[in-house]
Amino acid sequence: MAFGCLVAAGAVAYKKVTTTTTTTTTTTQPKEKAQAGWTVVSRSKRGVLVDTQTIKLGGVTFSAIRLRARTTRLSWHVGSMDPPTKTLPPLDAQAKVDWASEGQAGVVALFNGAFKQAARAGGASVDGLSLEPLVKGDATIVLDRFGHWAIGAWGAANFPPKGFKPISYRQNLSFLVSNGKPSPEALHWPVSKWGDFLNHTPAIARTALGIDSKGNLIYVATMQHTLPLTLSEALVSAGATVGMELDMNPFWPMMGAPTTPLHSPGPMALHLSGETRTAATYFYGWERDFFVAVAEPGSFNCSWASPGLKTDTMTPQPLSLTGKHCRAAHIKVKK
């Protein structure tokens, strides 16, 4: 079973994949289909992995990428400088793509993380390593050992969702989107509360992350000058029912996606227009935190999973293939 999840304002929604098994142990699942208004970036035997959309609001052009919950999984990496840590995190969470682990699955998208920890915009933890204490009430994305995601208010009664056991946590301020609309904070907070901007110019390059009603993950970004409210509206336009801000200012936003899963450094067809540097930076190492999306195996019988945390102490989380009837042949993700 796989699911993406959203949690906000007391509401919980799941996207579940129910496995249908015949007497010959063959899993029958409908493929992830293309959707009008979205352009497919990559596919596998499961169907669409990543698709993209261009959104224009108030004279600003936003790029959106969507990770399908049934076909992709997500991990979070610590930068070489931020979040700061006295203890080097395990290889799977260090400041570059872990090709030995994530590369075997195939990288399908990369994008930037959130504010510097010095901004005091929330806490962070990965593989049992606490980098900054989590703040009650802050918008938080959590990831479990299967690479499933959930976004909600840390400390809320329904978050993390029941049965969801996070191995990574990343917070950043409050919600930009809640209940499918710009949040009260996006509507009423002074722009200064949404991060320090350059040259006294609040309209600046900004990025955000959300989840739609089907559990898919949506990253939205622009290198043009925009305000938090417009960013929240772009998330809503892309289908997000809950969302949070990521990093901002022209030096930090990076996004990329290849047309086929990458098992080693390679070209990415999709880039963020006007970005200062490309997401290929994450192949070799970067100073700030970031996210890596990889393809699930071609067969719905199989999934990529890490060991999970048995205690709160730091534990490496390399990927391995799991599934009752999973065979090596099921790893293939090409069409």
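Numbers at a glance
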| read-out | value |
| --- | --- |
| Cut-off 15 Å between beta-carbons: net charge of the residues surrounding Tyr284, Lys and Arg +1, Asp and Glu -1 | 0 |
| Ordering of 71-81, 115-125 by packing [mean C-beta count within 10 Å, highest first] | 71-81, 115-125 |
| Summed residue charge, Cβ within 9 Å of Arg46's Cβ, Lys/Arg positive, Asp/Glu negative | +3 |
| Proximal charge balance of Thr207 [Cβ under 9 Å; K/R count +1, D/E count -1] | -1 |
| Overall form of region 279-325 per C-alpha gyration tensor (a/c, 1.5; a/b vs b/c) | oblate |
| Whole-angstrom gap from region 256-286 to region 44-86, using each part's C-alpha centre | 12 |
| In nm, spacing of pseudo-spin labels at Val135 and Lys86 (7 Å Cα→C-beta vector) | 2.3 |
| The chain, relative contact order [Cα under 8 Å, separation at least 6], % | 26 |
| Set of aspartates and glutamates with alpha-carbon distance to Lys33 below 19 Å, sequence-local pairs under 8 removed | Asp51, Asp212, Glu296 |
| Prolate/oblate/rounded call for region 196-264, Cα gyration tensor, a/c under 1.5 rounded | oblate |
| Residue pairs, from the table Lys31/Lys324; Lys31/Lys310; Lys165/Lys324; Lys86/Lys116, whose Cα atoms sit over 26 Å apart | Lys31/Lys310 |
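FYI, it's all coordinate maths here, none of it is from the lab. The structure presented is a predicted model; accordingly, all values stated were derived computationally and were not measured. Cβ sites come from the backbone with ideal geometry, for glycine too, and all protein chains shown count toward neighbours.
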